[in-house]
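Please treat every number below as a calculation from the coordinates, not as lab data. Source: prediction; values computed, not measured. All Cβ positions, even for glycine, are placed from backbone atoms using ideal geometry, and neighbour counts span all protein chains on display.
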């Protein structure tokens, strides 16, 4: 059994769609832990899966400090004598999160929607009023809201748990930006 631990519902949905896109149908389970600070609750699940010769993967955001997050998780692994392989979004080397990944896999043609958002952010920054730029989650939500219709059914598709990352009009899962993640998954799952 392959247990893939992720931080949230959005990560789970993206990962399931991406594994499907890659044609990976191995016996895997995606486990939402609701943040790095809740990992302690899953120690027994890590150990049980290892004892059964299963594979544990941890796919988390690096957030604002890649090295800090990586060290935190590797220390957690060592301190609790766990076995798992680690990948940090966006690309296992830079600061960021799933939303950075999503922004980088927007297909040509739709990137102009994101350019409008960048202009909006720049405009807010120029106001010099110590205002907060909306979170990256808001940017991705707005991107989809622009592309999808205005019916309740279409609005439902914007929510993280309902997104269709297999929709080629909205996402390019063949993007080179996903190469590190693809290699991590393929290498991990074939061992």
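Go through (1) 26, 20, 14; (2) 31, 20, 15; (3) 34, 17, 15 and flag the label whose value is the computed semi-axes √(5λ) of the Cα gyration tensor in Å for this structure. Answer by label: (2). Axis angle, to the nearest 10 degrees, between helix 111-126 and the longest C-alpha principal axis of the chain: 80 degrees. Distance between the pseudo-spin-label points of residue 68 and residue 108 (7 Å out from Cα toward the beta carbon): 3.9 nm. Restricting attention to the chain, close to 5% of DSSP beta bridges with both partner residues there are antiparallel.
With runs of 4+ DSSP H residues as the only contributors, calculate the mean residue ellipticity of the chain at 222 nm using -39,500 (n - 2.57) per run, divided by the residue total and rounded to the nearest 500.
-14000 deg cm²/dmol
Using only the Cα atoms of region 101-162, build the gyration tensor, take square roots of its eigenvalues as a ≥ b ≥ c, and label the shape rounded, prolate or oblate: rounded if a/c is under 1.5, else prolate if a/b is larger than b/c, else oblate. Prolate, since a/c reaches 1.5 and a/b exceeds b/c.
Here r is the Cβ-Cβ distance between residue 174 and residue 127 and R0 is 45 Å; the resulting FRET efficiency, rounded to 0.05, is 0.70.
Counting neighbouring Cβ atoms within 10 Å and putting the fewest first, the residues 79, 163 line up as 79, 163.
Here the residues 1, 114, ranked from fewest to most Cβ neighbours within 10 Å of their Cβ, fall in the order 1, 114. Here the calculated FRET efficiency for residue 135 and residue 76, from their Cβ-Cβ distance with R0 = 25 Å, stands at 0.45, rounded to the nearest 0.05. Of interest is the spacing of the C-alpha centroids, which for region 41-67 and region 73-90 amounts to 6 Å.
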